[in-house]
1. Please work out how much length the chain gains when fully extended from residue 126 to residue 192, using 0.36 nm per residue of separation minus the C-alpha to C-alpha distance, in nm with one decimal.
2. Take 180, 46 and order them by how many other Cβ atoms sit within 10 Å, fewest up front.
3. Decide, for the stretch 239-287, between rounded, prolate and oblate: order the square roots of the alpha carbon gyration tensor eigenvalues as a ≥ b ≥ c, take rounded if a/c falls under 1.5, and otherwise choose prolate if a/b is larger than b/c, else oblate.
4. Looking at the chain as a GNM with Cα springs under 10 Å, which of 184, 16, 85 has the largest mean-square fluctuation?
5. Quantify how much of the Cα-Cα distance distribution of the stretch 5-316 extends past 36 Å, in percent.
6. Report relative contact order for the chain in percent, whole number only (criteria: Cα-Cα under 8 Å, sequence separation at least 6).
7. Among 257, 249, 221, determine the one that fluctuates most according to a GNM of the chain built with springs between C-alpha atoms less than 10 Å apart.
8. What do you get for the angle between helix 93-103 and the principal long axis of the chain? Use alpha-carbon atoms, 0 to 90 degrees, nearest ten.
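Each value in this text was obtained by applying a stated rule to the coordinates, not by laboratory testing. In this text, all values refer to a predicted model and were calculated from it rather than measured experimentally. We place every Cβ from the backbone using ideal geometry, glycine too, and count neighbours over all the protein chains shown.
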């Protein structure tokens with residue numbers, strides 16, 4: 001007999017990772033049934049196993065009404081894992097989950113993709129205007145990470161159109177707490193400084209990302225299939241793009257005059273240029289999502305001498321991407 005949806009579990013893959021842990025933490029706090037699965041044991045992993053293991057996945061689908069698929073090989077793994085490993089985890093693993101979810105009568109599948117799928121679409125010309133990245137921009141993958149995330153998106157779309165499975169893809173902007181993967185950024189900016197800057201145009205707080213996923217579970221049956229950028233709401237407009245590509249601080253100071261003194265007191269600086277702006281309008285409209293952690297929130301907390309990260313971000317903390325600590329921190333080589 002099928003359990004009522006409200007009494008069935010939400011399956012979260014990648015429960016030992018940043019977002020997976022944040023999802024399981026939040027669902028447990030809300031006293032909602034949740035099953036965390038991951039290759040690695042953790043306090044938030046109920047079943048240890050691989051998403052490429054069909055028997056393991058089939059068993060994990062029992063009593064599940066929604067899947068939140070966060071498990072993935074990330075960009076920092078490009079230097080340490082083979083292309084085949086990326087295909088196995090990011091593509092085959094997603095296919096196994098989709099097939100077994102459909103077979104088990106799961107109602108909703110939420111797939112965590114990435115704004116990195118747009119990286120190849122950005123111009124590298126000096127002083128070029130920042131790119132205005134909306135959901136209608138055609139993604140261009142730059143590496144095997146992006147290629148496999150896009151391939152998994154296509155599988156999700158196919159299952160939404162051919163199976164009785166509501167699918168929402170969330171292209172999440174940066175939310176990792178580690179230092180930037182660009183050595184030049186790591187060398188010039190404190191982590192908090194760089195991440196505060198990014199909340200203007202290419203970052204989201206993990207609490208807002210979790211909320212988007214929870215809303216996607218709720219709204220997916222009505223949506224059927226949707227694909228949305230999940231990033232902090234930007235204060236910039238299309239009219240700012242040329243200036244952002246040449247002198248980003250001037251735009252920030254115009255929009256937030258108080259930022260100059262708040263940053264100066266900390267010895268912080270803005271990035272001289274911005275190469276892209278992620279636009280979350282469709283996610284907000286379709287999901288009813290209202291992200292709280294934006295640049296205004298940063299400034300309000302700097303004024304009070306407080307950490308601008310959410311309580312959830314602080315609780316999850318830093319995890320890194322490899323069991324090994326490299327000379328460049330979590331990154332084995334410069335990307």
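1. Separation in residues times 0.36 nm, less the Cα-Cα distance, equals 21.1 nm.
2. Ascending number of Cβ neighbours within 10 Å: 46, 180.
3. Taking the square roots of the gyration eigenvalues as a ≥ b ≥ c, the stretch 239-287 is prolate.
4. Comparing 184, 16, 85 in a Gaussian network model of the chain, the most mobile one is 184.
5. 17
6. Contact order relative to length: 18 percent.
7. With Cα springs under 10 Å in the chain, the top fluctuation among 257, 249, 221 is at 257.
8. 40
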